[in-house]
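Q: Pasting a structure here, questions to come.
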Amino acid sequence: MPLFEKILIANRGEIAIRVIKTCRRLGIATLAVYSEADMRSPYVRLADEAAFIGPPPARQSYLVGERLIEAALAHGCQAVHPGYGFLSENAAFARRAAEAGLVFIGPPPTAIATLGDKMASKTLALQAGVPVVPGHDQPLDDPEAALAAAEAVGWPVLIKPAAGGGGRGMRIVRQPSELAHALAACRDEALKGFADGRVFLERYIDDPRHVEVQVMADRHGNVIHLGERECSIQRRYQKVIEETPSPAVDEALRERMGRVACDLARAAGYEGAGTVEFILAPDLSFFFLEMNTRLQVEHPITELVTGLDLVEMQLEVAAGRPLAVAQDDVRLNGWGIEARVCAEDPARGFVPTTGMITRYAVPRGEGVRLDSGIEDGSLVTIHYDSLLAKVSAWGGSREQARQRLARALNGYHIEGLTTNVDFVNAVVNHPAFAEGRLSTGFLEEYFPEGASNLPPEPWHLSYTAMAALMVFHTRRYLVKESLKPMSPLVGAARTLQDRHDYVVRVDHQVFNISLKGEPDSRRWEVVVDGKKHEVLAPEFAYFRRRLALKIDGVSHMFRLQYFENHIKGFFCGVVRTYEIYTPAEWNLAQYMQRERKETLDNVLRCPMPGLITALYAKEGDYVRKGQELARMESMKMESGIASTCDAQVEKVMVSPGQTVESGDALIIFRTS
């Protein structure tokens, strides 16, 4: 059967681009839809045609199914691809599209309706022999009935909306006194978010993993699974990092989970791509959670390890073709890990951020894949999901994939608004993640308040200190030698053969670093606190704020922002500001720091040699920080000397007309 000539993509951003790329390869024309906020978005330009559908708010544009169908018909489309989010799991939209003569590239409306209702899907799972979490599968309104159900199921319990997804509205209840309030809150949030206030409860399994199985089905009765994905790294039930295969799943468990996932899809009369989600308990027993009736955000890693194009498979199934792949043909090769890059601030409770992207440089590297919907000049608004892009990495082993992903994130540069790039990189570099010790409580345990509870690795700091010093040294000597202010090569200074000594401070740590370069080469000998390193500095794109260094034969990528001798470095999720000094500058800085420290103690000291001309404080006076306490004459100029703190004067050590030297004590403050 022929595929489609033209399809409408009822979505935006990176998922629209993802669908467009496959369609372009298959020779299928695409129609993008856009709101006022998206008129200059990359996906609109990439599509063959584009149709305007309304104002920025999604409820006035992307969620208005009638406009999408009208646009598809007006432009001669045969089908609609819903992507994910928006109307992708809306049975009514799928039904209206079919009634208009359009093919909905997804499951039948009946399957969407059944599987989109958590209570109905749980009933179907039980009928299909799929293990489910013990619970009460009828709607609960009365607190007393809910309490009786919770006692029967066993504590703790999880209250869940019957409709919707993404963890919205769910509440964990650990004791009876919390139940009534949680029930009311869950019901109210479900009503506001999904226009459906039905809620139910099930037993909450502590310290579980979240594992999902990708399935694909056609209308001829063929159903296969494409392995599982581990989605345990999540915050507020929103996934952050996904990987396939799961570190906890062996071949036998994979076969069992895949088989029951396919059984559920058959029972639902399913067609197309879908994801069956499970809770995996510490004892490796698993329970059905829900089924997402669409393409998942994290599908790229399944494509990386299977070599299959899931969008192409969706299109073929929607066109009536049987699956071209049988279960025995599916091979999982290597490992894939994906990080979601979002416009949000982890340090402020992951609140969404907005703004214009002023600088943008994409991650690169072997085995690295980027699914992005942004570029320089993209405007991130309040109207849509905070997801900006997905960075995925493939490796022959989990560790290789992890290292490739970390390096890719090191080189992913986004300026103009706060993102979670360094947060997800810190997760990827955390020892517990590297060891595969995962659970849905991972972030709560290891990243309370959005930051790692472990100090950074010493080598992360020292390597970034080297990178920061490369930038500082090059810029310093280029300016000194009156060359052009920026160079494509690190170390392109005229004094390349000389040894250059520096002191680099970060936090409370100090590195003594010396550089020695070879003539007409990018090779450097770098000595950090007595340890010698061989460093190769390839091309440095100043305007992109990135630096690749090969240190002792291993390549690393750094992001850097520079402000004179203060250089901010980003590496493996660690973000620090490095202060760089020559030895002479460092000695002066240390002296000034000691002076400041002593001044901030209980002694007001003279800042320079001179003559005291007036005193404005006496013993017992209370003075405020910044209040002028004395005046002095020095080099024919008279200056005031202000208090450095709020305190009581204990003793005045000088008098008017007295000659003083720099550092002499003028006033002593009471310390307690």
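Values quoted throughout were computed directly from the atomic coordinates according to the rules given, and no laboratory measurement underlies them. Keep in mind that this is a model prediction, so the values were computed, not measured. Using ideal geometry, Cβ is built from the backbone for each residue, glycine included, and neighbour counts are taken over all protein chains shown.
Q: Tabulate in residue order the Karplus-calculated ³J(HN,Hα) for segment 374-387, using 6.51 cos²θ - 1.76 cosθ + 1.60 with θ = phi - 60°, rounded to whole Hz; enter x for Gly and Pro.
A: Values per residue, Gly and Pro as x: 10, 7, 4, x, 5, 9, 9, 10, 7, 7, 10, 4, 7, 5 Hz.
Q: Applying the Karplus parametrisation 6.51 cos²θ - 1.76 cosθ + 1.60 with θ = phi - 60° to the phi angles of segment 104-121, what ³J(HN,Hα) value in whole Hz is obtained for each residue in order, glycine and proline being reported as x?
A: For segment 104-121, the Karplus curve yields 8, 7, x, x, x, x, 5, 5, 4, 5, 5, 6, x, 9, 4, 6, 5, 5 Hz.
Q: Could the peptides 391-401, 644-654 be put in order, highest first, of the mean number of other beta-carbon atoms found within 10 Å of their residues?
A: Ranked by mean Cβ neighbours within 10 Å, highest first: 391-401, 644-654.
Q: Which FRET efficiency value, to the nearest 0.05, do you get for D250 and A432 by plugging their Cβ-Cβ distance into 1/(1 + (r/R0)^6) with R0 = 22 Å?
A: It comes out at approximately 0.60.
Q: Could you let me know the centre-to-centre spacing of segment 1-69 and segment 252-311, using Cα atoms, in angstrom?
A: 27 Å
Q: Counting alpha carbon pairs within less than 8 Å and at least 6 residues apart, what relative contact order, in whole percent, applies to the chain?
A: Relative contact order here is 9 percent.
Q: If the label point is 7 Å along Cα→Cβ of K550, which residues in segment 334-374 have backbone nitrogen under 20 Å from it?
A: 364-368
Q: Under a plain spin-label model, where a point goes 7 Å from the Cα along Cα-to-Cβ, how far apart in nm are V325 and Q238?
A: Each label point is offset 7 Å from its Cα along the Cβ direction, giving 3.0 nm.
Q: Need the full-extension length gain, R266 to E151, defined as separation in residues times 0.36 nm minus the C-alpha distance. One decimal, nm.
A: Stretched fully, the R266-E151 segment lengthens by 38.0 nm.
Q: If amide hydrogens are placed 1.01 Å from N in the peptide plane, which non-local residues have theirs closer than 5 Å to the one on G227?
A: Q214
Q: Helix-derived [θ] at 222 nm for the chain: sum -39500 (n - 2.57) over DSSP H runs of at least 4, divide by residue count, nearest 500? Write down the numbers at each step before the final one.
A: Values: 17 runs with 187 residues, N = 672.
-8500 deg cm²/dmol, from helical runs alone.
Q: So, in nm, how far is label A180 from label D376 when the simple model puts each one 7 Å beyond its Cα toward the Cβ?
A: Computed distance between label sites A180 and D376 equals 6.1 nm.
Q: Shifting gears a bit: Would you calculate the convex hull of the Cα atoms in segment 209-450 and tell me its volume per residue in Å³?
A: So the per-residue hull volume is 125 Å³.
Q: Something else now. Quickly rank 622-629, 134-141 as a protection proxy: mean count of other C-beta atoms within 10 Å, highest first.
A: So the peptides 622-629, 134-141, ranked by packing, come out 134-141, 622-629.
Q: Taking the Cβ-Cβ separation of F563 and L126 as r and a Förster radius of 35 Å, what is the calculated FRET efficiency to the nearest 0.05?
A: Taking R0 as 35 Å, the efficiency between F563 and L126 is 0.05.
Q: Now for a different question. Under the Karplus relation 6.51 cos²θ - 1.76 cosθ + 1.60, θ = phi - 60°, what is the ordered set of whole-Hz ³J(HN,Hα) values for segment 552-563, x standing for Gly and Pro?
A: Once rounded to whole Hz, the list reads 6, x, 10, 7, 9, 10, 10, 10, 9, 10, 10, 9.
Q: Of the listed pairs K390/K516; K390/K532; K6/K118; K21/K160; K118/K239, which have alpha-carbon separations greater than 29 Å here?
A: The pairs that break the limit, which is 29 Å between Cα atoms, are K390/K516; K390/K532; K6/K118; K21/K160.
Q: Just report the Cα centroid separation between segment 190-238 and segment 457-472, whole Å.
A: Here the two parts' Cα centres lie 42 Å apart.
Q: Bin width 10 Å, alpha-carbon pairs only: give the P(r) of the chain as whole percents, running from 0 to the bin holding the largest distance.
A: Each 10 Å bin holds this share of Cα pairs: 3, 13, 19, 20, 16, 12, 9, 5, 3, 1, 0.
Q: Set the Förster distance to 30 Å, then compute FRET efficiency between N453 and D196 from the Cβ-Cβ distance, nearest 0.05.
A: Efficiency, rounded to the nearest 0.05: 0.15.
Q: Here's something else I'd like to know. So how much slack lies between N587 and L536, counting 0.36 nm per residue of separation and subtracting their Cα-Cα distance, in nm?
A: Details: separation 51, 0.36 × 51 = 18.36 nm, distance 3.02 nm.
That works out to 15.3 nm of additional length.
Q: Further question: Need the full-extension length gain, R499 to R348, defined as separation in residues times 0.36 nm minus the C-alpha distance. One decimal, nm.
A: That works out to 50.0 nm of additional length.
Q: In what order do C342, C262 fall by count of nearby beta-carbon atoms within 10 Å, going from fewest to most? Kindly include the intermediate steps, with their values, before the conclusion.
A: On the way: C342 25, C262 22.
So the residues, fewest neighbours to most, are C262, C342.
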